[in-house]
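One structure is given here, and the rest of the page talks about it.
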Amino acid sequence: MTSTRQFFLLSRPKHSIRIAVLDDHPIINLGTAAYLRGHSDFDVVLETTASDQFFAALDKQPCDVVVVDFYMPLDQLDGTHLIKRLRTKFPKLSIITFSAGKAQETEYAAYRAGANAFMQKSSSLPLLADAIRMVTSQPKSFFSVRDEKLLAVLPTDANDTLSNAETEVLRLISEGYSVTQIAQKMCRSKKTISTHKRRSMTKLGLADDLSLALFLKEKFRH
C-alpha cells in the first residue's frame, strides 16, 4: 500500500530539507536542532536564540523551513510580528511555530500571521519531523496536532467563544488591574471576576497565570 513515508519521498525537495531553528531557550534550541540532525533528509543550517541573528543569517543562507518559538518575551521581535516579517521577507519559506502554551488563540494567531503549522512544545518530536515534511510538500495547507496526530486544519478564533464580560476582564488584567480592582471597576464580586478569569483561561486553553500573561501580551499588544 502507499504509505505516508512514500508520499514524503515523492513530494519532498530533491535536496535535503534545509531547516533553521529559532528559540530563546538555549536547551530547547539545541535539543530540537540535535534531534532534527538525526534525520537523513534534513539539513539544519541554522540555530540561534536571537531574532536579529536569525534574519541576518537567513539573508545569506538558503532555507526551506524555519521552526520558530512564538513567544520570545526578551527579544525585540516575537509572535505574529515575527511570523509576518518572515512571510514578507521570505515568501516561499515554510514556517512552523512552537508555543509552550495550549492556547487555541495562539494557533489561530499563527495561522492568520502566515505560518504553515503550529505545534505545542509538549508535542512529540517525531510529529515535528512529520510537520516539516508536510509543510514542504503541501505549502498551501495549515497543519496542527490533534490528539497526538498531525492534521491539516482550519483554525478558528477562540475569542469567538468568550463572553463580553470575559473579554473585558482579560483586557483589564492586561492593563495591570488586580481581581479586586476589576471587581470594584465592574461593580461585581471578586468571586464573579475570578470565575470570568478561570472560564476564559479554560476556553483559551491556558494552564496557568504565566500562559495567561503571554497570551495577553500578544492579544492586547499595541
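Within the range 126-165, count every residue that is crowded, with 18+ Cβ neighbours inside 10 Å, more than 18 Å from residue 99 (Cα to Cα) and not polar (S, T, N, Q). Total meeting the criteria: 3.
Specify the residue that is farthest from the chain's Cα centre (by Cα); the eligible residues are those in the range 51-71 that are of a type in the set (A, V, I, L, M) and surrounded by 19 or more Cβ atoms within 10 Å (Cβ to Cβ). Lay out the reasoning, then the answer.
Filtering the range 51-71 for residues of a type in the set (A, V, I, L, M) gives 56-58, 65-68.
Add one more test, that the residue is surrounded by 19 or more Cβ atoms within 10 Å (Cβ to Cβ), and what stays is 58, 65-68.
Numbers: 58: 20, 65: 14, 66: 12, 67: 9, 68: 8 Å.
My answer is 58.
Against the list (1) more than 22 Å from residue 133 (Cα to Cα); (2) touching a Phe, Trp or Tyr at 6+ places or on another chain (Cβ under 8 Å); (3) crowded, with 18+ Cβ neighbours inside 10 Å; (4) of a type outside the set (S, T, N, Q), the condition residue 19 fails is (1). Consider the range 134-165 and keep the residues that are in contact with a Phe, Trp or Tyr (Cβ under 7 Å, 6 or more places away or on another chain) and assigned to a helix (DSSP H, G or I). The one that is farthest from residue 91 (Cα to Cα) is 158.
Residues that are within 16 Å of the chain's Cα centre (by Cα), in a helix (DSSP H, G or I) and of a type in the set (Phe, Trp, Tyr) do occur in the range 89-111.
Could we say that residue 19 is assigned to a strand (DSSP E or B), of a type outside the set (S, T, N, Q) and assigned by TED's automatic domain parsing to the domain that holds residue 146 here? Talk me through it step by step, then tell me what you get.
Details: assigned to a strand (DSSP E or B): yes; of a type outside the set (S, T, N, Q): yes; assigned by TED's automatic domain parsing to the domain that holds residue 146: yes.
So residue 19 fits the description; yes.
Yes/no matrix, rows are residues, columns are (1) part of a helix (DSSP H, G or I); (2) in contact (Cβ under 8 Å) with a residue 24 or more places away in the chain; (3) among the hydroxyl-bearing types (Ser, Thr, Tyr):
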{"position": "73", "(1), (2), (3)": "no, yes, no"}
{"position": "84", "(1), (2), (3)": "yes, yes, no"}
{"position": "87", "(1), (2), (3)": "yes, yes, no"}
{"position": "122", "(1), (2), (3)": "no, no, yes"}
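Of the residues making up the range 166-176, at least one is outside the structural domain of residue 88 (by TED's automatic domain parsing) and not in a helix (DSSP H, G or I). Of all residues in the range 173-197, those that are touching a residue at least 40 places away in the same chain (Cβ under 8 Å) have Cβ atoms under 9 Å from Cβ atoms of residues that are surrounded by 12 or more Cβ atoms within 10 Å (Cβ to Cβ) and β-branched (Val, Ile, Thr), 6 or more apart or on another chain, in 173/179; 173/182. Applying the selection to the range 86-125, what residues are crowded, with 17+ Cβ neighbours inside 10 Å, among the polar types (S, T, N, Q) and under 20 Å from residue 215 (Cβ atoms)? Of everything in the range 86-125, those that are crowded, with 17+ Cβ neighbours inside 10 Å, among the polar types (S, T, N, Q) and under 20 Å from residue 215 (Cβ atoms) turn out to be 97, 99, 104, 106, 120.
Filter the range 177-219 down to residues that are within 23 Å of residue 120 (Cα to Cα) and not in a helix (DSSP H, G or I) and give me whichever is farthest from the chain's Cα centre (by Cα).
It comes out as 208.
The values are calculated or read from the model by the stated rules, or taken from the named source; none is laboratory data. What you see is a predicted model, and the numbers here were worked out from it, not measured in a lab. We place every Cβ from the backbone using ideal geometry, glycine too, and count neighbours over all the protein chains shown.
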